[in-house]
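Notes to accompany the following structure.
The values are calculated or read from the model by the stated rules, or taken from the named source; none is laboratory data. Only a predicted model underlies this, so the values are computations on that prediction, with no experimental measurement involved. Every residue, glycine as well, gets a Cβ built from its backbone with ideal geometry; the counts of neighbours run over all protein chains shown. Areas reflect the complete protein model, heavy atoms only, side chains present, ligands, DNA and RNA absent. Shrake-Rupley method; radii C 1.70, N 1.55, O 1.52, S 1.80 Å.
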Amino acid sequence: AQKVTQAQTEISVVEKEDVTLDCVYETRDTTYYLFWYKQPPSGELVFLIRRNSFDEQNEISGRYSWNFQKSTSSFNFTITASQVVDSAVYFCALSELIQGAQKLVFGQGTRLTINP
Amino acid sequence: DGGITQSPKYLFRKEGQNVTLSCEQNLNHDAMYWYRQDPGQGLRLIYYSQIVNDFQKGDIAEGYSVSREKKESFPLTVTSAQKNPTAFYLCASSATGADTQYFGPGTRLTVL
């Protein structure tokens with residue numbers, strides 16, 4: 001069965017520190033997608049990134065970077081020089097293809113608090 | 001502006017009453033989804049629909065029903081058979097069933 005584990009329930013850092021959110025997944029599929037979503041206090045999930053299982057290149061977008069390692073089944077997310085606006089719950093998700101539809105399996109989420 | 005709207009933002013109902021949550025999108029997306037989020041938990045899939053007039057059960061469909069009569073609308077009914085309906089409900093859509101899902105702002109349902 002598909003499973004996503006975010007072992008860090010809560011993280012609290014001081015502004016400008018770098019912080020890494022861990023994500024470990026389990027799947028038997030050879031083709032799959034991994035995602036990160038951000039959930040600010042308003043509640044809406046904001047899409048951050050989608051990564052194909054065949055593409056192990058790291059990705060950087062501004063202060064955000066993602067490290068995908070298939071060998072360890074991990075897809076970690078790093079925020080560099082964190083800001084108060086980064087405070088949110090972050091979810092890692094794994095897609096499971098069922099009859100042509102991508103069903104997302106979510107981790108429990110990591111609550112990130114950036115203190116001024 | 002294109003996007004996904006959910007209404008109402010907050011909903012209170014008495015135990016035993018059915019309640020319908022609205023989800024509308026003007027993104028011309030084919031696929032739509034309903035998720036449930038409980039405090040401190042990840043999201044769990046209730047129902048999804050890849051095309052009009054077709055939908056499939058997700059992991060926790062018991063006590064819920066949906067319809068997909070129009071491409072832009074995917075309402076969710078929480079029936080009295082749902083034993084613990086108090087939760088945050090999120091609707092999502094994607095261009096096709098295989099594309100990235102984008103989420104609406106959510107509806108927080110409280111059953112008194």
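Observations, loosely collected:
- In the stretch B:62-85, residue nearest to the other protein chains (Cβ to nearest Cβ) [restricted to those that are modelled with pLDDT of 95 or more, over 11 Å from the mean Cα position of the chain (by Cα) and within 20 Å of B:Asp38 (Cβ to Cβ)]: B:Glu62
- Residue in the stretch B:43-61 that is open to solvent by 10 Å² or more (accessible area, probe 1.4 Å) and more than 14 Å from chain A (Cβ to nearest Cβ) present: yes
- Some residue of the stretch B:8-26 being open to solvent by 20 Å² or more (accessible area, probe 1.4 Å), within 13 Å of chain A (Cβ to nearest Cβ), of a type outside the set (Asp, Glu) and assigned to a strand (DSSP E or B): yes
- Any chance A:Ser95 is within 11 Å of another protein chain (Cβ to nearest Cβ), closer than 19 Å to B:Arg36 by Cβ and surrounded by fewer than 18 Cβ atoms within 10 Å (Cβ to Cβ): no
- Residues located in the stretch A:8-39, provided they are surrounded by fewer than 16 Cβ atoms within 10 Å (Cβ to Cβ), at pLDDT 95 or above and within 13 Å of chain B (Cβ to nearest Cβ): A:Thr9, A:Glu10
- From the list B:Lys83, B:Lys71, the lone residue that is in contact (Cβ under 8 Å) with a residue 40 or more places away in the chain and among the charged types (D, E, K, R) is B:Lys71.
- Note on the stretch B:86-99: residues that are open to solvent by 50 Å² or more (accessible area, probe 1.4 Å) and without any contact (Cβ under 8 Å) to a residue 40 or more places away in the chain total 1.
- Taken as a whole, the condition of being within 11 Å of chain B (Cβ to nearest Cβ) and open to solvent by 40 Å² or more (accessible area, probe 1.4 Å) applies to A:Val46.
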